[in-house]
Amino acid sequence: MSDLRREVDLTALNFMGSRDFDAAVQQFARWGLRWMDVWGEIYGKSIAELDHETTSRAATALERAGLRTYCLSTRIFDDHVERGEEAFRTEHLGALDRALEAAAVLKPRFVRLIAGKLDDAADGPTVPRLKRDHPWVAEVYREAAQRIVDAGFLPTLENEVNDCFLAQPHDFVDFVDWVQPPEQFSITWDIQNAWQMGAFPSLEAYRTLRPLIGYVHTKGGRAAEEDPTLLKWNVGLDAASWPVVEIIQAVVDDGVSPVVCLNPSHGTWRADYDYGAPGALNPTLPSTPADLAGITGKDLDFLRTHIDGIRS
């Protein structure tokens, strides 16, 4: 690693420190983080519901702890394109306007959009179907990205699961080529989400996506014993069955994602895995702050130990 290249920071979604926002801020500070990815509920309000008073309260808490917002992770466009253009314009672009008001206070680097859902997206190339059946999609995404740029932030588009139309690496490439978004646009590559959509994490996939990536989300996950390509188990990075160190090291070496964000793993919790907190095992999503704080702390330690160039 060149001594001249800036080190990469780590962050996580706020609720991974605690479901209580103020407690999460303090936990992030104890972890030695400088950034927070603001997601989900903040003082009981979703990103779409944030008002000026609530947003200002969050911004003050972050500033006092020496933290900054890296991404405002909205759920804009997390919807089926089959609902049509009007729903995306009236509901989602309207939500974007409200999110940008919150962004003006929180001052994130990125404002996130979600790659929408397309029925049976995992069955094959998605962009030809979007072009044929939903040609309005390109204009709506381009308009949303431009609104974010005009507001002074960077637009980023994240791949999700459950019929997300960004599945295979070529879907990402073809979509961006079709939309022709503003030059400030980049993708957030959620590595495990891509796996759940049928694209097992690999260096080859990363290299295909590298020119498009501005932000990376990483989480553990272990494959089913009977099928090494099928995600089954919710485990941390230390027990993941995809090449965590090779891929994240390449991300750091290439400098494509100045901040790498931890996400909680999907999958079934295991009785024989240490989640880093007493009583953390839960058949559903963990319900207490210590559950995710334990495994998040483990994942932070794993990356700091095994990846060169992570800021300590």
Open item on the list: Can you tell me which of A29, A224, A95 moves the most in a GNM of the chain? Springs connect C-alpha atoms under 10 Å apart.
Closed with: A224
TODO: Taking the convex hull of the Cα atoms, report for segment 50-93 its projected area averaged over all directions, in nm².
DONE: 3.9
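Going by a ≥ b ≥ c, the root eigenvalues of the Cα gyration tensor, does segment 153-193 fall in the rounded group (a/c under 1.5), the prolate group (a/b larger than b/c) or the oblate group? It would help to have the intermediate numbers written out before the result.
Working: a/c = 2.35, a/b = 1.42, b/c = 1.66.
Oblate.
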Open item on the list: Run the reach check for K107 against lysines, Cα to Cα strictly under 23 Å, same-chain hits fewer than 8 apart removed. What comes back?
Closed with: K45
Task: Within the chain, helix-based [θ] at 222 nm, where runs of 4 or more DSSP H residues each add -39,500 (n - 2.57), nearest 500 - done: -11000 deg cm²/dmol
Open item on the list: On the Cα set of segment 2-161, report Rg and Dmax in Å, please.
Closed with: 17.2, 51
Task: Eligible aspartates and glutamates near K298 by straight Cα distance, threshold 13 Å, same-chain separation 8 or greater - done: D238, D274
Task: Length released on extending from R30 to E183, taking residue separation times 0.36 nm less the Cα-Cα span - done: 51.5 nm
Task: Cα Rg, Dmax, the chain, angstrom units - done: 18.6, 52
TODO: In vacuum, with every alpha carbon of segment 178-261 counted as one equal point scatterer, what does the Debye formula give for log10 I(q)/I(0) at q = 0.15, 0.21, 0.23 Å⁻¹? Two decimals, please.
DONE: -0.55, -0.97, -1.12
- [ ] Write down the radius of gyration of segment 86-156 and its Dmax, each obtained from C-alpha positions, in Å.
- [x] 13.8, 41
Open item on the list: Just to confirm my numbers, what's the Cα centroid distance between segment 28-100 and segment 159-204 in Å?
Closed with: 21
- [ ] Starting from the Cα of W136, step 7 Å along the direction of its Cβ; do the same at H52; then give the gap between the two resulting points in nm.
- [x] 3.3
Open item on the list: What percentages make up the Cα-Cα pair-distance distribution of segment 163-312 when the bins are 5 Å wide from 0?
Closed with: 2, 9, 18, 21, 19, 15, 10, 5, 1, 0
Open item on the list: Which one, A24, G267, P135, projects farthest toward the positive side of the charge dipole computed for the chain from Cβ point charges (K/R +1, D/E -1)?
Closed with: A24
Task: Share of alpha-carbon pairs per 5 Å distance bin for segment 20-86, given as whole % - done: 3, 16, 25, 22, 13, 8, 5, 5, 3, 0
- [ ] Give, in nm to one decimal, the length gained when the segment between H170 and T208 is fully stretched (0.36 nm per residue of separation minus the Cα-Cα distance).
- [x] 12.9 nm
Task: At 1.306 mPa s and 10 °C, Stokes D of segment 141-217 from Kirkwood alpha-carbon radius, µm² per second - done: 126
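Every number in this text was worked out from the coordinates using simple rules, so none of it is lab data. A quick note: this is a predicted structure, and the numbers were derived from the prediction, not measured. Because the Cβ atoms are built from the backbone with ideal geometry, glycine has one as well, and the counts that use them run over all protein chains shown.
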